Amino acid sequence: MTKLPFGQQSVASRTRKIVHVDMDAFYASVEQRDNPSYRGKPLVVGGSPNQRGVVAAASYEARKFGIHSAMPSITAIAKCPGLIFVRPRFDVYREISAAIHAIFKRYTDLVEGVALDEAYLDVTENKQNITYASTIARHIKTAIFQETKLTATAGVSINKFLAKMASGQNKPNGLTVILPEDAIAFVEQLPIEKFHGIGEVTAAKMHSLGIHTGADLKGRSLLELTHHFGKAGHYYYKIARAEDDRPVEANRVRKSIGAETSFAWDLSERHQMLQKLEQIATIVPMSSKSHRNRKKSALHSADIQWIPSLRHPFFHVITVSAFFCTFLNPSNSR
């Protein structure tokens with residue numbers, strides 16, 4: 001079988017060159033960079049275990065103990081009694097993230113930030129006329145380390161899904177390329193729980209249906225996948241075939257803004273709960289207005305979904321939601 005060069009594949013999405021850059025344990029690495037006494041030690045960025053905190057990020061030393069983001073801090077300290085807790089410094093993380101994005105912009109304006117520590121770049125056409133996306137990825141990794149003293153892992157491939165999967169193959173400080181001719185074989189051998197966009201619950205459901213690998217997923221029809229998984233079935237059908245036509249969106253519209261807090265003590269009285277809920281609720285429209293001002297959005301109204309969460313012992317969460325429409329145009333606000 002003749003292999004076509006990169007950029008001459010019959011599938012339109014295969015003409016693209018996408019890079020996914022993921023900073024390595026970003027928040028934790030920043031803290032270790034700025035405080036030499038933290039280096040080489042298990043560390044998490046997050047709230048105190050004495051105040052029902054949650055892990056926002058874990059260093060690689062902490063991950064060896066099974067500690068990960070979103071884990072209750074009290075669980076993390078039980079796994080590693082010598083664990084170091086550091087309060088997050090989001091102003092510092094945002095400043096570093098902006099510097100990293102400035103590096104991206106040296107090569108392309110098609111940069112889609114997913115979070116402070118993660119972004120997709122479309123370098124099919126790039127400012128420096130570099131032929132190979134892998135070369136650009138290497139240049140970016142080098143520049144990030146030289147200018148921030150932090151490491152990043154990059155994945156390179158023909159679409160966003162494959163680039164994302166590639167970046168997860170060789171962390172930390174790695175670089176993985178999935179070529180067009182290798183894409184289908186890579187997806188077929190991948191365990192279903194490793195797929196980006198398939199969480200624990202969906203993976204468990206797929207296992208119950210006999211779907212354990214990408215090859216198993218590829219063997220199911222679109223009708224069957226949409227029957228079991230709704231609209232998401234269309235996405236699963238495509239990625240099982242190494243297809244993903246989503247563009248890199250440089251000005252992606254933010255679809256949700258939220259706010260939450262954890263209390264050091266139980267709230268048992270109704271009036272206390274309502275008072276705290278009102279305080280948290282005011283943060284959302286303020287954040288929405290700030291976001292619109294930064295993006296110069298012409299947004300006039302939006303559907304607001306209130307989802308208060310009740311967190312019980314061991315962090316079991318119950319949520320209740322309600323929708324209503326509100327005007328967001330600053331000129332209409334009192």
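The values are calculated or read from the model by the stated rules, or taken from the named source; none is laboratory data. Computed from a predicted model, the values in this text were never measured in an experiment. Methodologically, a virtual Cβ is constructed for each residue, glycine included, from the backbone with ideal geometry; neighbour enumeration extends over all protein chains shown. Note: areas computed on protein heavy atoms with side chains; ligands, DNA, RNA excluded. Shrake-Rupley method; radii C 1.70, N 1.55, O 1.52, S 1.80 Å.
Taking residues in the range 130-151 that are under 24 Å from Leu162 (Cα atoms) and open to solvent by less than 100 Å² (accessible area, probe 1.4 Å), and partners anywhere that are assigned to a helix (DSSP H, G or I) and at pLDDT below 95, not one pair has Cβ atoms closer than 7 Å while being at least 6 places apart or on different chains. In the set (1) open to solvent by 10 Å² or more (accessible area, probe 1.4 Å); (2) closer than 25 Å to His196 by Cα; (3) charged (D, E, K, R), the condition left unmet by Lys127 is number (2). Within the range 255-262, at least one residue is closer than 30 Å to Phe104 by Cα, open to solvent by 70 Å² or more (accessible area, probe 1.4 Å) and either at pLDDT below 95 or polar (S, T, N, Q) (or both). Of the residues making up the range 190-249, those that are open to solvent by less than 30 Å² (accessible area, probe 1.4 Å) and not in a helix (DSSP H, G or I) number 8. Contact map, the range 75-96: residues that are closer than 17 Å to Asn35 by Cβ paired with residues that are open to solvent by 60 Å² or more (accessible area, probe 1.4 Å) and of a type in the set (Phe, Trp, Tyr), Cβ distance under 9 Å, separation 6+ or inter-chain. Pairs shown: Leu83/Phe65. Within the set Glu31, Glu95, Glu61, the sole residue that is assigned to a helix (DSSP H, G or I), closer than 17 Å to Thr151 by Cα, of a type in the set (Asp, Glu) and open to solvent by 60 Å² or more (accessible area, probe 1.4 Å) turns out to be Glu95. The residue of the range 103-121 that is most open to solvent (accessible area, probe 1.4 Å), among those that are among the aliphatic types (A, V, I, L, M) and not in a strand (DSSP E or B), is Leu110.
From the list Val44, Val54, Val19, the lone residue that is within 21 Å of the chain's Cα centre (by Cα) and farther than 22 Å from Val92 by Cβ is Val19. Counting the residues of the range 161-189 that are out of contact with any helix residue (DSSP H, G or I) (no Cβ under 8 Å at 6 or more places or on another chain), touching a residue at least 24 places away in the same chain (Cβ under 8 Å) and open to solvent by 10 Å² or more (accessible area, probe 1.4 Å) gives 5.
Beta carbons closer than 7 Å, at least 6 apart along the sequence or on distinct chains, pair a first residue in the range 201-216 that is modelled with pLDDT of 95 or more with a second that is open to solvent by 70 Å² or more (accessible area, probe 1.4 Å) for Ala203/Glu193; Thr213/Gln189; Gly214/Gln189.
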